[in-house]
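The values are calculated or read from the model by the stated rules, or taken from the named source; none is laboratory data. Note that the coordinates shown come from a computational prediction; the quantities given were computed from them, not determined experimentally. Don't worry about glycine lacking a Cβ; one is built from the backbone with ideal geometry, like all the others, and counts go over all protein chains shown. What goes into the accessible areas is simple: the full protein's heavy atoms, side chains included, and nothing from ligands, DNA or RNA. Shrake-Rupley method; radii C 1.70, N 1.55, O 1.52, S 1.80 Å.
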Amino acid sequence: MTKVLITAKTHPYLIDHLKEKGYQVLYHPAISYEEAYQLIHECAGLVVTTRIPVDRRLIDRGIHLQWIARLGSGMELIDVAYATSKGIRCVSSPEGNADAVGEHAVGMLVALLRNFKVSYDQLKEGIWEREKNRGYEISGKVVGIIGYGHTGSAFARKLSGFGATILAYDKYKTGFGNEYVQEVSLETIFRQADIVSLHVPLTEETHHMVNRRFIHACAVPVYLINTSRGAVVHTHDLVEALKEERIAGACLDVLENERIDHLTDAEQEDFQYLLHHPRVIMTPHIAGYTHEASLKMAQVVLHKLGI
Ligand SMILES: O=C(O)[C@H](O)COP(=O)(O)O
């Protein structure tokens with residue numbers, strides 16, 4: 001029987017469907033890299049998230065491997081070029097969690113501009129403060145989206161009812177402007193945006209893209225939204241920019257080092273600063289984590305694999 005190794009928690013639909021189609025499913029949602037290494041040589045299919053890297057070593061051991069399915073979007077931990085060179089098909093499912101990420105980014109922005117975090121903390125202390133919690137509206141602002149793929153376009157779609165001017169830049173794509181999004185250059189975003197939302201994959205090119213230079217290029221202190229990858233932002237430069245008031249605030253769903261129990265002293269200091277900053281809100285990389293996305297990602301990979 002053809003075996004599929006599933007290495008992360010998934011919607012039962014994926015397991016049931018694979019079984020129905022005659023696959024033997026090895027469902028190990030908490031498996032370690034070394035344990036996966038022990039099993040991979042028996043498998044024709046591998047399902048992953050970002051729990052374990054799919055590197056050359058694992059791929060080489062997967063002598064019967066025909067496909068690798070990523071439940072999610074970011075492929076930075078899969079050596080796609082190497083797998084492809086060995087005839088292994090790699091599919092991802094950004095279509096499945098784009099709505100979730102788009103909604104989360106809008107939600108974080110509203111929460112930040114309307115002081116949800118601070119006012120809620122004050123309420124818990126018995127403080128009923130209205131004036132200091134007077135917020136800002138999205139309406140009338142200029143929102144710059146960097147990266148117009150699945151999540152960038154989902155964010156724009158969700159935001160389109162808020163009355164903002166929506167600009168978007170994508171280094172690798174043109175012709176995507178529509179009735180609510182203007183396709184612009186990065187310079188235009190620097191010049192005009194009040195809010196910048198990042199929707200790029202993590203690559204060598206985007207690593208630390210938002211650094212001191214980027215922040216200084218913005219005409220006004222922008223509100224930054226990051227639901228992409230933590231390392232797209234140079235965290236310490238962000239912290240310095242917040243101190244210098246060159247950044248108005250930040251919504252961060254992702255961190256450079258998400259193993260918050262293994263931070264260096266310097267990382268811990270920056271993390272604590274961000275956590276306690278009144279104009280920073282953070283969530284633990286849950287933008288794409290919804291019950292609906294879990295099912296949709298399973299459906300997308302099955303569809304792409306023709307199973
Ligand atoms: O890339 C994605 O789809 C999301 O960031 C979720 O990634 P995860 O598999 O690490 O949860």
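Please compute the per residue accessible area over segment 202-306 with all protein chains in place, 1.4 Å probe, rounded to a whole number of Å². Working shown, then result.
Numbers: 5460 Å² over 105 residues.
Roughly 52 Å² per residue, with all protein chains present.
Roll a 1.4 angstrom probe over the protein heavy atoms and tell me the percent of accessible area of the chain that is carbon or sulfur. Each step should come with its number before you reach the end.
Values: 8000 of 15520 Å².
It is 52 percent, rounded to a whole number.
On a C-alpha basis, how far is the centre of segment 168-227 from the centre of segment 17-41 in Å? Whole number, if you could? Here the answer is 39 Å between Cα centres.
Ordered by 1.4 Å accessible area with all protein chains kept, Trp67, Trp128 run largest first as Trp128, Trp67. The modelled label-to-label distance for the pair Leu186/Glu258, using points 7 Å beyond Cα in the direction of Cβ, is 2.4 nm. Each Lys and Arg Cβ is given +1 and each Asp and Glu Cβ -1; about its Cα centre, the chain then shows a dipole of about 700 debye.
Accessible-area rank, largest first, for Arg134, Arg279, Arg70, Arg157: Arg134, Arg157, Arg279, Arg70, with all protein chains present and a 1.4 angstrom probe.
When the residues Ser294, Ser85, Ser93 are ordered by accessible surface, computed with a 1.4 Å probe over the protein chains alone, the sequence from largest down reads Ser85, Ser294, Ser93.
Taking R0 as 30 Å, what's the FRET efficiency between Lys9 and Leu305 from their Cβ-Cβ distance, rounded to 0.05? All intermediate terms of the calculation are to be shown ahead of the outcome.
On the way: r = 20 Å, r/R0 = 0.65.
E between Lys9 and Leu305, to the nearest 0.05, is 0.95.
Projecting the Cα atoms of Leu112, Ala217, Leu159 onto the charge dipole of the chain, computed from C-beta unit charges around the Cα centre, puts Leu159 farthest toward the positive end. Remark: the Cα gyration tensor places segment 42-196 in the oblate category, a/c being 1.5 or greater and a/b not exceeding b/c. With helices as the sole contributors, the chain gives -11000 deg cm²/dmol at 222 nm; each DSSP H run of n ≥ 4 counts as -39500 (n - 2.57), and the sum is divided by every residue.
For segment 97-282, a/c is not less than 1.5, where a ≥ b ≥ c are the root eigenvalues of the C-alpha gyration tensor, and a/b does not top b/c. That puts it in the oblate class.
For Cys218, the accessible surface of its heavy atoms amounts to roughly 20 Å² (probe 1.4 Å, protein chains only, rounded to the nearest 10). The heavy atoms of Asp170 present about 30 square angstrom of accessible area, all protein chains included, probe 1.4 Å.
Rounded if a/c is under 1.5, else prolate if a/b beats b/c, else oblate: with a ≥ b ≥ c from the C-alpha gyration tensor eigenvalues square-rooted, which is segment 3-92? Rounded. When the chain is treated as a GNM, springs tying every alpha-carbon pair under 10 Å, which of Tyr273, Tyr169, Tyr148 comes out with the largest mean-square fluctuation? Maximum among the listed residues: Tyr273. With each label modelled as a point 7 angstrom along the Cα→C-beta vector, the Glu20-Ile127 pair spans 5.5 nm.
Under the criterion of Cα pairs below 8 Å and six or more residues apart, the relative contact order for segment 1-51 equals 55 percent.
For Cα pairs less than 8 Å apart in space and 6+ apart in sequence, what is the mean separation divided by the residue count of the chain, i.e. the relative contact order in percent? Let's see the in-between values first.
Details: 582 pairs, mean separation 53.4, N = 307.
Contact order relative to length: 17 percent.
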